[in-house]
Amino acid sequence: PGPHDIGVDTIAALPEITAVGGTTLSTDLDGRWLQEQAWIDVPMSQGSSGGTSRLFGRPAYQHDVVVKRDSTHRLVPDVSAVADPFTGVKIVFDQVLRIGAGTSQAAPIWAGLTVLMNQYLIDHGGAAVGDITPLLYRVAAGSRLPGFHDITLGGNAVDTATEGYDLVTGLGTPDVDNLARDLLDAQAAQSLAYHYDPGGG
């Protein structure tokens, strides 16, 4: 890693991509969420990465995001999910129990949750989202329910997790039930704004 960016590659930095960072997850004995922090494993040189792109300008959905450095280019990650192998996910594949980990696990978690949220949206009169990233920032900027667990602990070799958006965990990890409801609210508000005629005609 350089002095300013750690692990910012072309694919993750594409404005059309939802870039996913990683966390260390703590739950109670029943699996309920307790706390998360940015995932970093110094001895293994593993952890959540992020930074600013040198190739892509700041997309419109990130214009209001404040970070301590470069404010003109694409920021990554957008969001996060559990990635620490010590608090990872049990996966049964070919009748063999395995432990999933890494941001290569965190990204498919978000993909799967997006499918479930799309089902919720359709079932409640909304529409399936394609490019979800702009909507995520709209929800984070102000919504009826807290759609994200804001990660404020931990960091990597360059940045630390802070309140609000940060270059290690993005907007945070999803509170899926709340986030699905917020996305439905955002779609309804967008539809009202689209159909509103100030002239009354």
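The values are calculated or read from the model by the stated rules, or taken from the named source; none is laboratory data. What you see is a predicted model, and the numbers here were worked out from it, not measured in a lab. All Cβ positions, glycine included, derive from the backbone under ideal geometry; neighbour counts span all protein chains shown.
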Subject >> Selection from the range 106-126 of residues that are surrounded by 12 or more Cβ atoms within 10 Å (Cβ to Cβ), in contact with a helix residue (DSSP H, G or I) (Cβ under 8 Å, 6 or more places away or on another chain) and of a type in the set (A, V, I, L, M, F, W, C) >> reply: Leu113, Met117, Leu121
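For the range 164-175, what are the residues that are surrounded by fewer than 19 Cβ atoms within 10 Å (Cβ to Cβ) and among the acidic types (Asp, Glu)?
Restricting attention to the range 164-175, the residues satisfying the condition of being surrounded by fewer than 19 Cβ atoms within 10 Å (Cβ to Cβ) are 164, 175.
Correct list: Asp175 only.
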Original post:
Does Ser80 satisfy the condition of being at pLDDT below 90 and closer than 19 Å to Asp9 by Cα?
Top reply: no
Subject >> Residues of the range 143-175 satisfying the condition of being closer than 20 Å to Thr114 by Cα and among the acidic types (Asp, Glu) >> reply: Asp150, Asp175
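For the range 60-102, enumerate the residues that are of a type outside the set (Lys, Arg), without any contact (Cβ under 8 Å) to a residue 60 or more places away in the chain and assigned to a loop (DSSP other than H, G, I, E, B).
Passing the criteria: His63, Ser71, Thr72, Gly88, Asp94, Gln95, Ala101.
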**OP:** Would you point out the residue of the range 65-79, among those that are touching a strand residue (DSSP E or B) at 6+ places or on another chain (Cβ under 9 Å) and within 11 Å of Tyr165 (Cα to Cα), that is surrounded by the most Cβ atoms within 10 Å (Cβ to Cβ)?
**Re:** Pro77
**OP:** Output the residue which, of all residues in the range 45-71 that are closer than 22 Å to Ala157 by Cβ and among the small types (Gly, Ala, Ser), is farthest from the chain's Cα centre (by Cα).
**Re:** Ser45
Subject >> Selection within the range 104-150 - among the aliphatic types (A, V, I, L, M), within 18 Å of Asp166 (Cβ to Cβ) and in contact with an Asp or Glu (Cβ under 6 Å, 6 or more places away or on another chain) >> reply: Val139
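Suppose we keep only residues that are surrounded by 14 or more Cβ atoms within 10 Å (Cβ to Cβ) and in a strand (DSSP E or B) within the range 23-40. Which one would you say is nearest to the chain's Cα centre (by Cα)? Reasoning before the result, please.
Restricting attention to the range 23-40, the residues satisfying the condition of being surrounded by 14 or more Cβ atoms within 10 Å (Cβ to Cβ) are 23-25, 36-40.
Within this subset, residues satisfying the condition of being in a strand (DSSP E or B) are 23-25, 36-38, 40.
Details: Thr23: 11, Thr24: 14, Leu25: 15, Glu36: 13, Gln37: 14, Ala38: 12, Ile40: 17 Å.
The residue in question is Thr23.
Does Gly147 meet the test of being surrounded by 20 or more Cβ atoms within 10 Å (Cβ to Cβ), closer than 19 Å to Val82 by Cα and in contact (Cβ under 8 Å) with a residue 24 or more places away in the chain?
Working: surrounded by 20 or more Cβ atoms within 10 Å (Cβ to Cβ): yes; closer than 19 Å to Val82 by Cα: yes; in contact (Cβ under 8 Å) with a residue 24 or more places away in the chain: yes.
So Gly147 passes the test.
Okay, residues lined up against (1) outside any helix (DSSP H, G or I); (2) surrounded by fewer than 20 Cβ atoms within 10 Å (Cβ to Cβ); (3) of a type in the set (A, V, I, L, M):
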| residue | (1), (2), (3) |
| --- | --- |
| Ser104 | no, yes, no |
| Ala128 | yes, yes, yes |
| Asp131 | yes, yes, no |
| Ile151 | yes, no, yes |
| Val158 | yes, yes, yes |
| Thr162 | yes, yes, no |
| Asp177 | no, yes, no |
| Asp185 | no, yes, no |
Original post:
Do any residues in the range 1-22 that are at pLDDT below 85 and part of a loop (DSSP other than H, G, I, E, B) have Cβ atoms under 8 Å from those of residues that are of a type in the set (A, V, I, L, M) and buried (at least 18 other Cβ atoms within 10 Å of the Cβ), where the two are at least six apart or on different chains, and which pairs are they?
Top reply: Pro1/Val158; Pro3/Val158; His4/Val158; Asp5/Val158; Val8/Val76
